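A short write-up of the structure that comes next.
The values are calculated or read from the model by the stated rules, or taken from the named source; none is laboratory data. No experiment lies behind these values; they were computed from the predicted model shown. Glycine also receives a Cβ, built like all others from the backbone with ideal geometry; neighbour counts cover every protein chain displayed. When the accessible area is computed, the model is the full protein with side chains, heavy atoms only, and any ligands, DNA or RNA have been set aside. Shrake-Rupley method; radii C 1.70, N 1.55, O 1.52, S 1.80 Å.
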Amino acid sequence: AGLVEKYILSKTHSAVAKATEAFERYQLNDIPSIITDIFLEISRTYIQLTRDKANSEEEADRKVVLDTIYHCLLNAVKIMSPLCPFITEQIYLNFKAEFGLTQESIHNFDWPAYDEKLIDKELEQRFDIVKTVLQSILSAREKSDLGVRWPVGEVVAVTDNEDAKRAITEFEETVKVQTNIKKLTVVDNFPPIKTSIKADYTKIGPDFGDKAPQIIAAIATTSPDAILKKILRGTKFIRNGEGEDIELTEKHFIIKREVPDTYTEGEFRNGFIYLDKTRTKELDAEGMCRELMRKVQAMRKEVGLVKQDRIGLFIQVDEETANSLKPFNDMIKEKVGASQMNLTYNEPAKMHQHKKKVKVKDKEFMVEFDKL
């Protein structure tokens, strides 16, 4: 099991522990949010992050994902069953039929026990940070009009928070795979971004009255970097001329970051990400390849093929594009279940059973295949 499995197992056993305590204290109003949280984590987070693993050619990988989902979902259904007896019974009956379970009903099970050894609160907290990084990168992609199938050369995460650094480094591969980026760099500061900060008199005046002039004077004699670090770390104060601690927050300042045109900025918990929008022929070729694979998969589905079915694939496109996609031949074959493939600018040597013209950006592909 990998880090993502350890995370979802920890979340599941934490949920069982919380639900157990809430039931014992008769705090029934707390239970729906516990159940909602774990169901969403299983469906939106774990299943999303393990799509490739679940479709791996390696049986061991597929088994890890299936076993993890089975364990987490069954426990989630058990703690949900007292509140939603009929829905959980139907879910369980589906489980029973699929896995050959012997219990007649979800309500015949004992209340689940949680395993303290599987609960890692620090891992859960670090992954919470990682989720904000994932969301921020995906949002920056949208702003940059770069769909997730088009690889990005680099994303720079800027933070001086040690927990955030550890979280991003620990889950680096997960972030890279999920957001389709080639390189993820974590730094304390990023020189291409120029930051300026100045007092916002319209907020300081009303909040501090007579003390406002002293506070503004104190700000003027403090370096912008020092103020920014205090605010980002949550220190939230400076000292005025009389040595008094004054609480200031981000709202008391006008903060501007000058971001070069080659980057798109995103914010995450404890820092910022900068997505490098620079395109290369190699990145665009891989993006085109990923889009093409999706279209071939859609064609397979349209004609009723299942995953196990193998095809003989012929793809015709202009010579330049065909040559640029050659390095991805094996990847295309594996992803679309092609035992044979010919990606060329030449005309096909024979008629194929299925045929369709598809477009990726400004390129037209003729895709043809036979079921083998």
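Some points to look at:
- Unmet requirement for ARG290, which otherwise passes all of (1) closer than 22 Å to LEU134 by Cβ; (2) touching a strand residue (DSSP E or B) at 6+ places or on another chain (Cβ under 6 Å); (3) not hydrophobic (A, V, I, L, M, F, W, C): (2)
- Condition met for GLU154 (out of contact with any His (no Cβ under 6 Å at 6 or more places or on another chain) and modelled with pLDDT under 95): no
- Some residue of region 131-153 being of a type in the set (Asp, Glu) and either touching an Asp or Glu at 6+ places or on another chain (Cβ under 7 Å) or within 30 Å of HIS71 (Cα to Cα) (or both): no
- Any chance ASP318 is without any contact (Cβ under 8 Å) to a residue 40 or more places away in the chain and out of contact with any helix residue (DSSP H, G or I) (no Cβ under 8 Å at 6 or more places or on another chain): no
- Residue pairs whose Cβ atoms lie under 8 Å apart, sitting 6 or more positions apart in sequence or on different chains, and linking a residue in region 132-143 that is closer than 11 Å to PHE268 by Cα and of a type outside the set (Gly, Ala, Ser) to a partner that is open to solvent by 10 Å² or more (accessible area, probe 1.4 Å) and assigned to a helix (DSSP H, G or I), are LEU134/GLN178.
- Of all residues in region 303-321, none satisfies being under 13 Å from PHE365 (Cα atoms), among the aliphatic types (A, V, I, L, M), part of a helix (DSSP H, G or I) and modelled with pLDDT of 90 or more.
- Residue check, ASP370 open to solvent by less than 40 Å² (accessible area, probe 1.4 Å) and either out of contact with any Pro (no Cβ under 6 Å at 6 or more places or on another chain) or assigned to a loop (DSSP other than H, G, I, E, B) (or both): yes
- Identity of the residue in region 328-366, open to solvent by 100 Å² or more (accessible area, probe 1.4 Å), part of a loop (DSSP other than H, G, I, E, B) and of a type outside the set (D, E, K, R), that ends up farthest from GLN297 (Cα to Cα): ALA349
- Filter result (closer than 18 Å to ILE8 by Cα and outside any helix (DSSP H, G or I)) within region 120-150: ASP120
- When GLU41, GLU5, GLU57 are checked against the criterion of being among the acidic types (Asp, Glu) and farther than 16 Å from ASP128 by Cα, a single residue qualifies: GLU57.
- Some residue of region 96-107 being surrounded by fewer than 18 Cβ atoms within 10 Å (Cβ to Cβ) and within 17 Å of ILE34 (Cβ to Cβ): no
- Hey, TYR114 aromatic (Phe, Trp, Tyr), open to solvent by 60 Å² or more (accessible area, probe 1.4 Å) and without any contact (Cβ under 8 Å) to a residue 60 or more places away in the chain or not: no
- When residues of region 275-293 are limited to those that are exposed (fewer than 14 other Cβ atoms within 10 Å of the Cβ) and either within 16 Å of THR159 (Cβ to Cβ) or not β-branched (Val, Ile, Thr) (or both), the one farthest from the chain's Cα centre (by Cα): LYS281
- Of all residues in region 151-172 being outside any loop (DSSP other than H, G, I, E, B) and among the acidic types (Asp, Glu), the one that is most open to solvent (accessible area, probe 1.4 Å): GLU162
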